[in-house]
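A.B. asks: Got a structure for you, questions after.
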Amino acid sequence: MPTLLTNRRMHPALAARIERSLRGGEHASVWKRRLLVGLRFTVPGVIIACTIWLLGQLDQDRAALAERKARLEAEVAGQLVPAGNAGVRRIGKLQRWLQQESGPYAGDVTRPELNDPRRLSDTLRRGALYLRSDLEAARTGARIQDLAGASSRDAFLLCFLSPPKQRTQKALLSRVRTAYAGDERLGWDTRFAASLSIVYRGLPYLQDDWLTKVKRADDLRTVEALERENERAPLPATQKALESELFLVVLDEPGESNAVTELDGERPHQIRVSLIDLEADRPLLRRRARVAPDWIPEATRVRYARGLDSCGLAFDIRQSLGPPVAAH
Amino acid sequence: MLDDLSAPQVLDAPQTHPDLPSAHLTPAGCPDLLNGRGRSRLALDDLRTSVTLAFAGGSAGGLFREALAQSRGAASNWSASAFASDLFLAQFVTQCLPVRVDGREFAADTGHLARCLASPPTDDRIVSHRRGCLAELVERPALRRALEQVYLSLRQYRSLLEGASGSGRWDANRRRLDLLKLIHETFEQLANNFHTATSGLRRLADFAEAVRGGETYRSLGDLLRYDQNFASVSLKVGVGADGRIRGFELLQLEEDQQNPFANSVLRRWLVKLELFVRGYQFSDGEVMAHLIDGVFEGMVDHTLHFIELIVDIEFYLGALGFRDLALQAGLGVSLPDFSPPESPRHLSGLFNPLLLASQPRVVPCDVTLDHHATTLLITGPNSGGKTRLLQSLGLAQVMGQSGLFIPAAGGSICAATSLVVSLLQDTHADQSEGRLGMELMRIRELFQHLPPGAMVILDELCSGTNPSEGEEIFELVVKMLGRLEPQVFITTHFLSFAERLRREGKIPGLTFLQVELGADQAPTYQFVPGVARTSLAGQTAARLGVTAAQLNQLVDANLQRNAS
């Protein structure tokens with residue numbers, strides 16, 4: 001096989017020996033050398049092909065990322081609530097009202113329209129943000145977000161919005177069990193109220209900061225994480241809660257000393273109930289009543305003392321406002 | 001072998017030394033400095049692979065020694081087992097054949113030298129060839145000096161090839177280029193320094209010239225020039241007033257474009273690319289490696305002969321070293337004449353070379369015999385030099401028939417068909433017989449195998465039994481040996497028996513030498529005709545402190561020491 005190692009000036013015998021030297025090297029370990037030659041071309045080829053493929057994949061991923069990001073941005077932009085939104089503005093009043101209601105009791109209040117069963121029903125249909133908390137926690141200035149996180153729809157809210165027909169242990173217990181079950185029935189009967197925690201869980205995803213964070217995402221993993229987070233956010237419930245015009249706050253005063261505390265924490269104590277009209281920025285209802293679980297049979301008290309007291313109090317307040325109108 | 005020597009390979013007329021018989025020469029193919037036959041003694045096919053591998057990457061050493069151990073020597077009728085150990089041949093080679101160059105002694109392959117001496121060639125033309133070379137080396141010191149330089153180059157080549165030094169320390173191509181350079185230098189030395197030789201040394205020049213005339217050698221030279229002097233640059237250096245260099249100016253750049261190994265820059269790059277595609281490294285070193293391989297492949301067959309050439313040179317330098325040793329001791333050596341069996345023979349100034357290394361003064365002697373088939377009975381006192389004479393005679397025969405200088409200032413010898421020497425009488429643990437029994441077994445074996453015209457050397461024959469019975473066996477052996485017409489040298493202390501044989505004169509060819517005694521009855525280490533009258537055991541005993549008075553004195557001292 002000719003080689004560039006030789007030239008015309010070389011003696012043919014010398015050229016032949018040099019060519020033999022090349023062949024000799026090849027024959028000495030022919031498969032090893034063939035493998036080496038193959039690798040010398042295959043490996044760079046594979047590397048180049050992989051690089052091209054990876055670059056293509058990268059372009060595709062970049063395009064996909066841009067598309068997903070744009071979609072997410074559009075989605076987030078569409079769900080944003082402007083800072084001037086009335087709901088958002090009302091949220092700002094909550095802390096002030098909470099401080100006010102947790103201060104010295106300002107006396108019972110009952111707006112006249114609440115005594116009209118139909119107007120009461122219309123009022124409650126305006127939607128309410130519900131918060132139940134210990135009075136001491138609210139008084140010591142705890143953040144309302146923290147208090148809201150520990151508050152959920154309970155037996156008081158259920159019985160206040162959908163009171164039982166009569167104040168019997170059986171009727172109350174039925175309502176309490178519905179509240180404890182937390183099922184669709186509870187959701188339906190309390191559909192005009194939203195736990196304040198919902199607002200604070202969903203509100204971050206409805207503001208400009210969230211869109212800014214989405215826009216700053218520059219890799220697929222971050223975008224995917226933001227998508228997942230956005231999907232998990234309770235946006236419809238929050239948006240609906242922001243439309244609420246009322247603030248229903250229930251504050252449990254400290255328990256009476258020397259009183260027995262039940263297994264679920266219930267004990268004789270005073271409870272403040274305030275229904276604030278956030279639009280008018282005034283209280284519609286304010287009550288302060290004592291609850292004590294001693295009227296509950298022991299077998300039931302063990303599990304339902306707090307629920308029955310709460311439901312009984314709600315029934316009593318609604319009873320004081322007049323007969324309910326087609327709660328169910 | 002004779003056919004080989006007379007094969008029609010002879011291109012030139014035989015070159016002979018004027019003072020010596022015609023040395024048969026066959027030129028070119030192989031220098032064969034040892035035998036002058038023009039044939040390598042090595043298994044070249046196997047050796048080629050070994051040398052090529054050693055050239056490529058070095059070897060574990062011993063390549064030359066192993067190749068020579070399996071080499072085929074010249075045909076010989078002699079059996080080394082019959083004389084080598086009794087003559088201390090290995091010791092003789094080590095001590096008496098020094099290879100010295102510029103006062104520095106080099107370790108020669110003594111095994112090869114001993115094998116050469118133990119196998120004197122049957123063909124007298126080989127002997128003549130060796131003698132011719134030696135004679136010319138003595139006559140022309142310049143040739144000896146040239147041979148020594150070739151020897152140094154070959155030793156360096158062997159050392160580098162076998163990887164004894166340098167391998168692994170240098171760049172592989174550099175090492176191989178150094179080897180090629182040594183090969184080139186060696187051939188230049190051979191061709192330039194031996195072309196005026198008239199003896200077999202001329203073979204070296206013929207061999208080198210034959211190689212130099214070929215393409216392979218020209219390629220070798222081209223490659224070395226390409227490596228060492230491919231381009232020359234002429235610079236003009238500007239030096240400032242402060243002596244500092246201010247700048248360079250390139251005056252001229254010359255490239256040896258006629259060199260067949262020279263390529264353009266582009267072609268050199270393409271060559272590297274080609275090698276890469278073919279699975280080699282992309283480097284200048286890889287290119288050079290293949291050029292070196294191509295050149296060496298052409299030269300390898302010629303360089304194989306270096307392996308035997310180096311020991312051949314050791315053979316001659318060792319002989320010259322022996323001559324130097326003898327001359328320093330005031331002794332003479334010579335290339336003996338070869339006499340026909342019926343002619344008288346004479347050795348003048350014969351000395352024992354084994355004494356050169358151990359004795360401050362070596363006394364030479366003269367030995368004369370009427371003809372070859374002579375039985376010489378040597379008598380004399382103990383420590384009178386009888387055994388040393390036997391060694392001298394044996395070694396002189398070995399060296400003479402090997403074509404070397406003999407340890408004698410002059411004389412003639414008759415070529416013996418074989419040599420049997422029995423000097424040692426050591427007892428071995430595994431021997432089946434006693435001393436006499438072992439001696440008799442060797443005598444029986446001697447009669448069984450000894451060819452006519454051999455040389456036999458026996459020291460104190462039948463001394464292991466009582467004299468009366470020993471003398472009978474002695475006489476029987478001497479009579480029977482006569483039938484094989486050998487040249488026999490026997491020493492004995494059976495003085496009365498020897499005197500009776502001399503007086504009766506019944507055994508033809510039996511002659512007698514005795515140790516000459518001086519005026520003080522001390523041996524002069526010379527030998528004169530006749531039979532000694534005494535062994536002077538008393539004198540020897542007295543000299544060594546074994547008299548009654550001296551022994552009594554020793555016993556008294558011993559007892560006194562033990563009592564205290």
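Laboratory data are not the source of any read-out in this text; all were calculated from the coordinates shown. On a predicted model such as this, the values are computed, not experimentally measured, just so you know. Reconstructed Cβ throughout: ideal geometry from the backbone, glycine too, with neighbour counts over all protein chains shown.
A.B. asks: Take the Cα coordinates of segment B:159-235, assign each an equal point scatterer, and use the Debye formula without solvent to give log10 I(q)/I(0) at q = 0.19 Å⁻¹.
C.D. replies: -0.88
A.B. asks: Moving on. Sticking to Cα atoms, compute the Rg of segment B:221-270 to one decimal and its Dmax as the biggest Cα-Cα distance, whole number, in Å.
C.D. replies: 15.8, 47
A.B. asks: Ok, one more. Give me P(r) over chain A, computed from all C-alpha to C-alpha distances, binned every 20 Å, as integer percentages.
C.D. replies: Pair shares across the bins are 24, 36, 15, 9, 9, 7, 0.
A.B. asks: Follow-up question, since we're still on this one. Quick check of the Kirkwood formula: for segment B:410-564, what is the inverse mean of 1/r over all pairs of different Cα atoms, in Å? Could you put the intermediate results ahead of the total?
C.D. replies: Details: mean 1/r = 0.0542 Å⁻¹.
This gives a value of 18.5 Å.
A.B. asks: Hey, with R₀ at 41 Å, roughly what FRET efficiency would A:Asp183 and A:Arg62 work out to, going by the Cβ-Cβ distance, to 0.05?
C.D. replies: Values: r = 46 Å, r/R0 = 1.13.
Step by step, r from the Cβ atoms, then E = 0.30.
A.B. asks: Run a plain Debye calculation on chain B (Cα atoms as equal point scatterers, no solvent) and give log10 I(q)/I(0) at q = 0.05, 0.07, 0.10 Å⁻¹, rounded to two decimals, same order as the q list.
C.D. replies: Debye output, listed in q order: -0.32, -0.55, -0.90.
A.B. asks: Grab the alpha carbons of segment B:335-388, take their convex hull, and tell me the volume per residue in Å³. Please report the intermediate quantities before stating the final value.
C.D. replies: Working: hull volume 5.3 nm³, N = 54.
So the per-residue hull volume is 99 Å³.
A.B. asks: So, one more: Report, please, the projected area of segment B:30-183 averaged over directions, based on the convex hull of its C-alpha atoms, in nm².
C.D. replies: Values: hull surface 41.8 nm².
Its Cα hull, projected and averaged over all orientations, spans 10.5 nm².
A.B. asks: Something else now. Averaged over its residues, how many other protein chain Cβ atoms are within 10 Å of peptide B:192-198's Cβ atoms?
C.D. replies: Working: counts 0, 0, 0, 0, 0, 0, 0.
Rounded to a whole number, the mean comes out at 0.
A.B. asks: Specify whether the C-alpha gyration tensor of segment B:184-316 places it in the rounded, prolate or oblate class, a ≥ b ≥ c being the square roots of the eigenvalues: rounded for a/c under 1.5, otherwise prolate if a/b is larger than b/c and oblate if not.
C.D. replies: Details: a/c = 2.95, a/b = 1.51, b/c = 1.95.
Oblate, since a/c reaches 1.5 and b/c is not below a/b.
A.B. asks: To the nearest 20 Debye, how big is the dipole of chain A about its Cα centre, given +1 on the beta carbon of each Lys and Arg and -1 on that of each Asp and Glu? Mind showing how you got there, number by number?
C.D. replies: Details: 52 positive and 42 negative charges, 353 e Å.
The dipole magnitude comes to about 1700 debye.
A.B. asks: For peptide B:273-282, how many partner chain Cβ atoms fall within 10 Å of a residue's Cβ, on average?
C.D. replies: Across B:273-282, the average partner-chain Cβ count within 10 Å equals 5.
A.B. asks: Now for a separate question. Arrange the peptides A:311-320, B:534-543 so that the one whose residues have, on average, the most other Cβ atoms within 10 Å appears first.
C.D. replies: Values: A:311-320: 20.9, B:534-543: 15.2.
Taking the mean over residues of other Cβ atoms within 10 Å, the ranking is A:311-320, B:534-543.
A.B. asks: From the residues A:Trp31, A:Leu135, A:Pro163, which one has its Cα farthest along the dipole of chain A in the positive direction, the dipole being from +1 and -1 charges on Cβ of Lys/Arg and Asp/Glu about the Cα centre?
C.D. replies: My answer, from the dipole projection, is A:Trp31.
A.B. asks: What is the Å³ per residue value for the convex hull set by the Cα atoms of segment A:62-143? Could the numbers behind the result be given before it?
C.D. replies: Numbers: hull volume 14.0 nm³, N = 82.
It is 171 Å³ per residue.
A.B. asks: In Å, what Rg and Dmax follow from the Cα atoms of segment A:90-241?
C.D. replies: In Å, with Rg to one decimal and Dmax whole: 18.8, 61.
A.B. asks: Using the Kirkwood radius over Cα pairs, work out the Stokes-Einstein diffusion coefficient for segment B:442-516 at 4 °C and 1.567 mPa s, in µm²/s as a whole number.
C.D. replies: It comes out at roughly 100 µm²/s.
A.B. asks: I've got another one for you. Only residues of segment B:267-310 count here: report those whose backbone N is under 16 Å from the spot 7 Å along Cα→Cβ of B:Phe248, or say none.
C.D. replies: none
A.B. asks: Measure of size requested: the Rg and Dmax of segment B:59-109, with Cα atoms as the atom set and Å as the unit; please supply both.
C.D. replies: In order Rg, Dmax, the Cα atoms of segment B:59-109 give 14.3, 37 Å.
A.B. asks: Over chain A, what is the relative contact order in percent, taking alpha-carbon pairs closer than 8 angstrom and at least six residues apart? Don't skip to the end; give the middle numbers.
C.D. replies: Values: 433 pairs, mean separation 74.7, N = 328.
Relative contact order, chain A: 23 percent.
A.B. asks: Now, a different point. In debye, nearest 20: dipole of chain B around its Cα centre with unit charges on the Cβ of K, R (+) and D, E (-)? Display every interim value, and only then the final one.
C.D. replies: Numbers: 51 positive and 63 negative charges, 154 e Å.
In total the dipole reaches around 740 debye.
A.B. asks: Could you tell me which residue out of A:Ser121, A:Ala64, A:Leu251 lies farthest along the dipole of chain A toward its positive end? Charges go on the beta carbon: Lys and Arg +1, Asp and Glu -1, centred on the Cα centre.
C.D. replies: A:Ala64
A.B. asks: Let me ask another. Place a +1 charge on the Cβ of each Lys and Arg in the protein assembly as shown and a -1 charge on the Cβ of each Asp and Glu, then give the dipole magnitude about the Cα centre in debye, rounded to the nearest 20.
C.D. replies: So the dipole magnitude of the protein assembly as shown works out to roughly 4180 debye.
A.B. asks: Principal axis lengths of segment B:460-504 from Cα atoms, whole Å, largest first?
C.D. replies: 28, 24, 15 Å, listed from the longest principal axis down.
A.B. asks: Let me ask another. Hey, got the average number of other protein chain Cβ atoms within 10 angstrom for residues in A:14-24? Intermediate values should be presented prior to the final figure.
C.D. replies: Details: counts 14, 3, 3, 11, 9, 2, 4, 9, 8, 1, 4.
Mean partner shielding for this stretch: 6.
A.B. asks: So, one more: How would B:Val456, B:Val555 line up from fewest to most surrounding beta-carbon atoms within 10 angstrom?
C.D. replies: Details: B:Val456 25, B:Val555 10.
With the sparsest Cβ surroundings first, the list reads B:Val555, B:Val456.
A.B. asks: While we're looking at this one, here's another question. For a protection proxy built on the mean count of beta-carbon atoms within 10 angstrom, sort B:519-531, B:469-481 highest first, please. It would help to have the intermediate numbers written out before the result.
C.D. replies: Numbers: B:519-531: 15.2, B:469-481: 17.1.
Result, highest mean first: B:469-481, B:519-531.
A.B. asks: Expressed as a rounded percentage, what relative contact order does segment A:78-208 have, with Cα pairs under 8 Å and six or more residues apart? Don't skip to the answer; put the middle values down first.
C.D. replies: Values: 109 pairs, mean separation 42.6, N = 131.
Relative contact order comes out at 32 percent.
A.B. asks: Let me ask something additional. Return the percentage of antiparallel bridges among DSSP beta bridges fully within chain A, rounded to the nearest 5 %.
C.D. replies: Counting only bridges with both partners in chain A, antiparallel ones make up about 65 percent.
A.B. asks: Under the Kirkwood approximation for Rh and a Cα-based Rg, what ratio Rg/Rh is obtained for segment B:308-435? Before the final figure, lay out the partial values.
C.D. replies: Working: Rg = 16.2 Å, Rh = 16.1 Å.
That ratio equals 1.01.
A.B. asks: Determine one quarter of the surface area of the Cα convex hull of segment A:1-154, which equals its mean projected area, and express it in nm² to one decimal. It would help to have the intermediate numbers written out before the result.
C.D. replies: Details: hull surface 94.7 nm².
For segment A:1-154, the mean projected area of the Cα convex hull comes to 23.7 nm².
A.B. asks: How do the peptides A:239-247, A:10-18, B:309-317, A:60-68 rank, highest first, by the average count of neighbouring beta carbon atoms within 10 Å per residue?
C.D. replies: Numbers: A:239-247: 20.6, A:10-18: 18.9, B:309-317: 23.8, A:60-68: 12.7.
Top of the packing list down: B:309-317, A:239-247, A:10-18, A:60-68.
A.B. asks: How much of the DSSP beta bridge set in chain B is antiparallel, as a percent to the nearest 5? All intermediate terms of the calculation are to be shown ahead of the outcome.
C.D. replies: Details: 23 of 43 bridges.
So the antiparallel bridges in chain B amount to around 55 percent.
A.B. asks: Evaluate E = 1/(1 + (r/R0)^6) for B:Val233 and B:Glu105, where r is the Cβ-Cβ distance and R0 equals 51 Å; express this FRET efficiency to the nearest 0.05.
C.D. replies: On the way: r = 45 Å, r/R0 = 0.89.
For B:Val233 and B:Glu105, the calculated efficiency is 0.65.
A.B. asks: By count of other Cβ within 10 Å, fewest leading, how are A:Trp31, A:Trp295 ordered? Spell out each step's value before the answer.
C.D. replies: Numbers: A:Trp31 7, A:Trp295 12.
Neighbour counts put them in this order, fewest first: A:Trp31, A:Trp295.
A.B. asks: Provide Rg over Rh for segment B:510-549; use the alpha carbon set for both Rg and the Kirkwood Rh (inverse mean inverse pair distance). Numbers along the way, then the final one.
C.D. replies: Numbers: Rg = 12.1 Å, Rh = 11.3 Å.
Ratio of gyration radius to Kirkwood radius for segment B:510-549: 1.07.
A.B. asks: Now for a separate question. Can you find, among B:Ala172, B:Ala135, B:His112, the residue farthest towards the positive end of the dipole of segment B:104-174? Put +1 on the C-beta of Lys and Arg, -1 on that of Asp and Glu.
C.D. replies: Most positive-ward Cα: B:Ala172.
A.B. asks: Then there is this: Calculate how many DSSP beta bridges within the protein assembly as shown are antiparallel, expressed in % of all such bridges and rounded to the nearest 5. Write down the numbers at each step before the final one.
C.D. replies: Values: 42 of 72 bridges.
In the protein assembly as shown, DSSP labels about 60 percent of beta bridges as antiparallel.
A.B. asks: Mind jotting down the distance between the C-alpha centroids of segment A:249-328 and segment B:72-131, whole Å?
C.D. replies: 130
A.B. asks: Taking neighbour counts of Cβ atoms within 10 Å as a proxy for exposure, in what order, fewest first, do B:Thr49, B:Thr511, A:Thr123 appear? If you can, show how the numbers build up before the last one.
C.D. replies: Details: B:Thr49 10, B:Thr511 16, A:Thr123 20.
Ascending number of Cβ neighbours within 10 Å: B:Thr49, B:Thr511, A:Thr123.
A.B. asks: Further, regarding this structure: Normalise the Debye intensity by I(0) for segment A:157-221, one equal point scatterer per Cα, no solvent, then take log10 at q = 0.18, 0.21, 0.23, 0.26 Å⁻¹ and round to two decimals.
C.D. replies: -0.73, -0.86, -0.95, -1.08
A.B. asks: Still on this structure: With the cut-off at 46 Å, report for the protein assembly as shown the share of all Cα pairs above it, as a whole percent. Walk me through the intermediate numbers first.
C.D. replies: On the way: 243914 of 397386 pairs.
It works out to 61 percent of all Cα pairs.
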